[in-house]
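One structure below.
The values are calculated or read from the model by the stated rules, or taken from the named source; none is laboratory data. Because the structure is predicted, anything quoted here is derived from the model rather than measured. A quick note on method: Cβ atoms are made from the backbone with ideal geometry, for glycine too, and the neighbour counts reach across all protein chains shown. Keep in mind that these areas ignore ligands, DNA and RNA; they rest on the heavy atoms of the full protein, side chains included. Shrake-Rupley method; radii C 1.70, N 1.55, O 1.52, S 1.80 Å.
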Number of protein chains: 2
Amino acid sequence: MIDREFFLGFVKIHIIYHASKEPIFGVEIMSELARHGYDISPGTLYPMLHRLERDGYLFSNREIVGGKMRKYYRATDEGLSMLAQSKKQIMELVKEVIDEK
Amino acid sequence: MIDREFFLGFVKIHIIYHASKEPIFGVEIMSELARHGYDISPGTLYPMLHRLERDGYLFSNREIVGGKMRKYYRATDEGLSMLAQSKKQIMELVKEVIDEK
DNA sequence: CTACCGATATTGCTAACCGATATAGTACTT
DNA sequence: AAGTACTATATCGGTTAGCAATATCGGTAG
């Protein structure tokens, strides 16, 4: 349906954005992404979260909620500056592709 | 400088957009992309163009210009509908990440 | 103590990425 | 007509990402 190779970058930006607003965890972000039309499988999402953490954009802590373990992720400073740069690039894309000067 | 894994999708959208406006060729699109802050090497760009053609988003023809061979790419109908979908997804991203409701 | 459930993690294969390097095609020079 | 220069495209090869399917974990309730 949606060709993922175009949009996986969007997904990463969504993730960091949400993680900048509040702690997020895997299953939650999967359904959040689904609301935006992105069907991401666990085999894609979890390794992606691990990489984003490994590369310094996110950090995590484990918590027990309703008797179930969750791994909450939040954006680091590097994640926030990544997000700021993303906004610039998105606006570039909008100016070019959508505004139709 | 720019973390490519976030932006390679943007690059592909730029490419299809330009190829929908006029015929484009590799070296030209490389400098166009550089103007948007994307430094893409030939080893990334050419295989990418080949895939976009293989997958039906672009088609090409060879021409001799100023004594040099160029391979001009243009967007197919499928490329155009990809572009339309990209615009929707971009606007989603803008609403979410930038508009700060 | 075990069955269950929400949630995260891993496996194994395929495909993409990308710097470096090679190749192709034309024109100009001599 | 062979050599050189220039522009442009193409490939190589090692590394990493993507992904569906499967496995595992941690806690609670019965």
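Could you list, in sequence order, all residues of region B:1-35 that are touching a strand residue (DSSP E or B) at 6+ places or on another chain (Cβ under 6 Å) and part of a helix (DSSP H, G or I)?
Residues satisfying the conditions are B:Ile16, B:His18, B:Ala19, B:Ser20.
What are the residue pairs meeting all of these: first residue in region A:78-101, first residue at the interface with chain B (Cβ under 10 Å from one of its Cβ atoms) and among the basic types (Lys, Arg), second residue part of a helix (DSSP H, G or I) and open to solvent by 10 Å² or more (accessible area, probe 1.4 Å), Cβ atoms under 6 Å, and 6 or more apart or on different chains?
A:Lys87/B:Ile98
Going through region A:59-81 one residue at a time, which ones are more than 14 Å from DNA strand D (Cβ to nearest atom) and among the aliphatic types (A, V, I, L, M)?
Across region A:59-81, the qualifying residues are A:Ala75, A:Leu80.
Of (1) open to solvent by less than 60 Å² (accessible area, probe 1.4 Å); (2) assigned to a helix (DSSP H, G or I), B:Glu78 satisfies all except one. Which?
Single failed check for B:Glu78: (1).
Residues are listed down the side, and each one gets a yes or a no for (1) touching a residue at least 12 places away in the same chain (Cβ under 8 Å); (2) within 21 Å of A:Val94 (Cα to Cα); (3) open to solvent by 50 Å² or more (accessible area, probe 1.4 Å); (4) within 9 Å of DNA strand C (Cβ to nearest atom):
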| residue | (1), (2), (3), (4) |
| --- | --- |
| A:His14 | yes, yes, no, no |
| A:Ala19 | yes, no, no, no |
| A:Pro23 | yes, no, yes, no |
| A:His36 | yes, yes, no, no |
| A:Ser41 | no, no, yes, yes |
| A:Gly56 | yes, no, no, no |
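If you go through region B:30-50 one residue at a time, do you hit one that is within 12 Å of chain A (Cβ to nearest Cβ) and at pLDDT 95 or above?
Taking region B:30-50 as the starting set, the residues that turn out to be within 12 Å of chain A (Cβ to nearest Cβ) are B:32-33, B:35-38, B:48.
Filter once more, keeping what is at pLDDT 95 or above: B:48.
Yes.
For the list (1) among the β-branched types (Val, Ile, Thr); (2) within 13 Å of DNA strand D (Cβ to nearest atom); (3) facing chain A (nearest Cβ under 10 Å), I need the number of the one condition that B:Ile13 fails.
That leaves (2) as the condition not met.
Checking the condition of a type outside the set (Phe, Trp, Tyr) and either open to solvent by 40 Å² or more (accessible area, probe 1.4 Å) or farther than 21 Å from A:Val94 by Cα (or both), which residue from B:Ser60, B:Ser86 passes? If you could, list the steps in order and put the result at the bottom.
Details: B:Ser86 fails: either open to solvent by 40 Å² or more (accessible area, probe 1.4 Å) or farther than 21 Å from A:Val94 by Cα (or both).
Exactly one residue qualifies, and that residue is B:Ser60.
Provide a single number: the residues in region B:28-45 that are closer than 22 Å to B:Leu80 by Cα, over 11 Å from the mean Cα position of the chain (by Cα) and within 13 Å of DNA strand D (Cβ to nearest atom). Give the steps one after another, and end with the answer.
Filtering region B:28-45 down to residues closer than 22 Å to B:Leu80 by Cα leaves B:28-30, B:32-33, B:36, B:45.
Now narrow it down to the ones that are over 11 Å from the mean Cα position of the chain (by Cα): B:28, B:36.
Still in the running and within 13 Å of DNA strand D (Cβ to nearest atom): B:28.
Within region B:28-45, residues that are closer than 22 Å to B:Leu80 by Cα, over 11 Å from the mean Cα position of the chain (by Cα) and within 13 Å of DNA strand D (Cβ to nearest atom) number 1.
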